[in-house]
Amino acid sequence: MLADIFPTGWHCTELAGLCPGESIVIYGAGPVGLMAAHSAMIKGASIVMVVDRHPDRLRLAESIGAIAIDDSKSSAVDRVMELTHGVGADRGCECVGYQAHDPEGQEHPNMTMNDLVKSVKFTGGIGVVGVFVPQDPAPQDPLYKQGEIVFDYGLCWFKGQTIGTGQCNVKAYNRQLRDLIFTGRAKPSFIVSHELGLDEAPAAYQHFDARDDGWTKVILKPAA
């Protein structure tokens with residue numbers, strides 16, 4: 001986890017500009033999104049909200065003190081606004097990427113970005129670590145064939161929001177995060193659902209890719 005997901009989740013909160021005492025909403029409760037939530041808790045966020053629709057992932061978010069928001073049951077934006085008394089979250093994290101989709105499975109590459117613009121307050125900050133690519137060889141959205149999305153830039157500009165984006169420089173964070181684990185301040189292992197031998201890797205990848213319930217993070221042990 002120090003080689004990828006924990007530093008990337010931490011990086012997303014850095015891109016968003018999170019400070020102690022601020023509220024933050026995280027779209028996506030996969031491994032990176034959960035690590036962003038864990039990072040926000042460590043950094044002293046006042047409210048951590050996590051948006052997803054997989055019950056097992058939302059339960060993990062709740063297990064570390066975050067507020068789980070199931071966007072298959074109601075509007076995530078409305079719930080964020082309700083929890084922040086109509087102001088919006090101070091910060092937001094995009095941990096989904098261009099394969100974001102609605103509860104019916106229809107892909108909308110712009111969905112989480114536009115929801116973040118609506119969810120985050122005026123002058124708030126948004127961090128983006130979900131993967132967006134210049135070309136999509138098999139897009140459900142024709143516009144995204146060229147890596148383009150319909151983005152609500154007018155509202156983003158009007159609200160004076162800042163957006164930080166880009167891949168994580170893991171080496172910029174992993175030593176500090178290692179020490180947080182060593183001292184007991186950070187426990188990223190809470191997301192691990194299975195520890196398997198290497199011969200079980202293909203089936204494990206299939207379960208994880210299908211978002212099967214209970215398959216949140218797999219550790220492979222070649223000697224097992």
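The values are calculated or read from the model by the stated rules, or taken from the named source; none is laboratory data. None of these values were measured; they are calculated from a predicted model. Reconstructed Cβ throughout: ideal geometry from the backbone, glycine too, with neighbour counts over all protein chains shown.
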Taking first residues from segment 86-104 that are over 16 Å from residue 35 (Cα atoms) and second residues anywhere that are aliphatic (A, V, I, L, M) and in a loop (DSSP other than H, G, I, E, B), the pairs with Cβ under 7 Å that are 6 or more apart or on different chains are 98/131; 98/133
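Residue-wise test of (1) of a type outside the set (A, V, I, L, M, F, W, C); (2) farther than 16 Å from residue 192 by Cα; (3) in contact with a strand residue (DSSP E or B) (Cβ under 7 Å, 6 or more places away or on another chain).
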| position | (1), (2), (3) |
| --- | --- |
| 2 | no, no, no |
| 10 | no, yes, no |
| 16 | no, yes, yes |
| 29 | no, no, yes |
| 33 | yes, no, yes |
| 39 | yes, yes, no |
| 42 | no, yes, no |
Condition set in a helix (DSSP H, G or I) and either assigned by TED's automatic domain parsing to the domain that holds residue 34 or touching a residue at least 40 places away in the same chain (Cβ under 8 Å) (or both), scope segment 184-222, selection nearest to residue 54 (Cα to Cα): answer is 191
Scanning segment 189-205 for residues that are exposed (fewer than 13 other Cβ atoms within 10 Å of the Cβ) and of a type in the set (Gly, Ala, Ser), the one nearest to residue 59 (Cα to Cα) turns out to be 189
For segment 134-154, indicate whether the set of residues that are in contact (Cβ under 8 Å) with a residue 40 or more places away in the chain and basic (Lys, Arg) is non-empty. no
Go through the residues of segment 101-118 one by one and say whether even a single one is among the small types (Gly, Ala, Ser) and buried (at least 18 other Cβ atoms within 10 Å of the Cβ). no
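Yes/no matrix, rows are residues, columns are (1) under 15 Å from the mean Cα position of the chain (by Cα); (2) hydroxyl-bearing (Ser, Thr, Tyr); (3) not assigned by TED's automatic domain parsing to the domain that holds residue 151:
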position	(1), (2), (3)
11	yes, no, no
39	yes, yes, no
75	no, yes, no
88	no, no, no
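Just wondering, is there one or more residues in segment 73-90 that are in a strand (DSSP E or B) and closer than 22 Å to residue 177 by Cβ?
Pass one, segment 73-90, residues in a strand (DSSP E or B): 89-90.
Filter once more, so that each one left must be closer than 22 Å to residue 177 by Cβ: none.
No, segment 73-90 contains no residue that is in a strand (DSSP E or B) and closer than 22 Å to residue 177 by Cβ.
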